[in-house]
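The values are calculated or read from the model by the stated rules, or taken from the named source; none is laboratory data. All figures in this text were calculated on a predicted structure; none of them were measured in a lab. Note: ideal-geometry Cβ built from the backbone for every residue, glycine included; neighbour counts use all protein chains shown.
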Amino acid sequence: MSNKRATLGKINAISVYVVWALFILLTFLSLLGLSGFKFIDYGVLGYVLKFLIGLVVLHVVFAYFIRCPYCNKCLTIQGFAPTHENSERQFIFNGWAVVVMRWFTGKIVCIYCGEQVNTNVL
Ligand SMILES: [Zn+2]
């Protein structure tokens, strides 16, 4: 059975990966620009920035529909409240970032209720 929300979840995770990659790229290019390299076309950089903002908006819209089957909260949107004690950590990251990183392993832990969620059947 096809599962539209699971597909949406995958697209959502990929959009976050792309945002992270572009963000690193933009930071790198900005640093190069600041250190005096003049080969950067700022017009192109502007398009990349608009694309990045578009993806972030897309992610927020998608993320609204991707909810925990146990507590019905948005799995990849984190408020200011501390995460559940069962919530996973990875390197210096915790909370929603780890959820997104582990999305394609199929098993994540909800940052709100601490239940294990299968991302292939949402
Ligand atoms: Zn939950």
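Given (1) surrounded by fewer than 18 Cβ atoms within 10 Å (Cβ to Cβ); (2) more than 16 Å from the ligand (Cβ to nearest atom); (3) closer than 19 Å to Asn3 by Cα, where does Phe28 come up short, assuming only one miss?
It fails just one condition, (3).
Which of the following residues is of a type in the set (A, V, I, L, M) and at pLDDT 90 or above: Leu45, Leu49, Leu55?
Values: Leu45 fails: at pLDDT 90 or above; Leu49 fails: at pLDDT 90 or above.
Checking each option against the conditions leaves just Leu55.
Given the condition out of contact with any Asp or Glu (no Cβ under 6 Å at 6 or more places or on another chain) and in a loop (DSSP other than H, G, I, E, B), answer yes or no: does some residue in region 15-34 qualify?
Pass one, region 15-34, residues out of contact with any Asp or Glu (no Cβ under 6 Å at 6 or more places or on another chain): 15-34.
Filter again for in a loop (DSSP other than H, G, I, E, B), leaving none.
No, region 15-34 contains no residue that is out of contact with any Asp or Glu (no Cβ under 6 Å at 6 or more places or on another chain) and in a loop (DSSP other than H, G, I, E, B).
Filter region 59-93 down to residues that are at pLDDT below 90 and more than 16 Å from the ligand (Cβ to nearest atom) and give me whichever is surrounded by the most Cβ atoms within 10 Å (Cβ to Cβ).
It comes out as Phe93.
Of all residues in region 82-103, count the ones that are within 23 Å of Val19 (Cβ to Cβ) and more than 12 Å from the chain's Cα centre (by Cα).
Kept after step one, since they are within 23 Å of Val19 (Cβ to Cβ), are these residues of region 82-103: 83, 87-103.
So of that shortlist, the ones also more than 12 Å from the chain's Cα centre (by Cα) come out as 83, 87-94.
Here the count works out to 9.
Which ones in region 94-118 are in a loop (DSSP other than H, G, I, E, B) and loosely packed, with under 15 Cβ neighbours inside 10 Å? Working first, answer last.
Initially, region 94-118 is screened for residues in a loop (DSSP other than H, G, I, E, B), giving 95, 102, 106, 110-115.
Result: Gly106, Glu115.
Does region 94-122 hold any residues that are away from the ligand (no atom under 11 Å from the Cβ) and farther than 17 Å from Asn12 by Cα, and which are they?
Residue satisfying the conditions is Asn94 alone.
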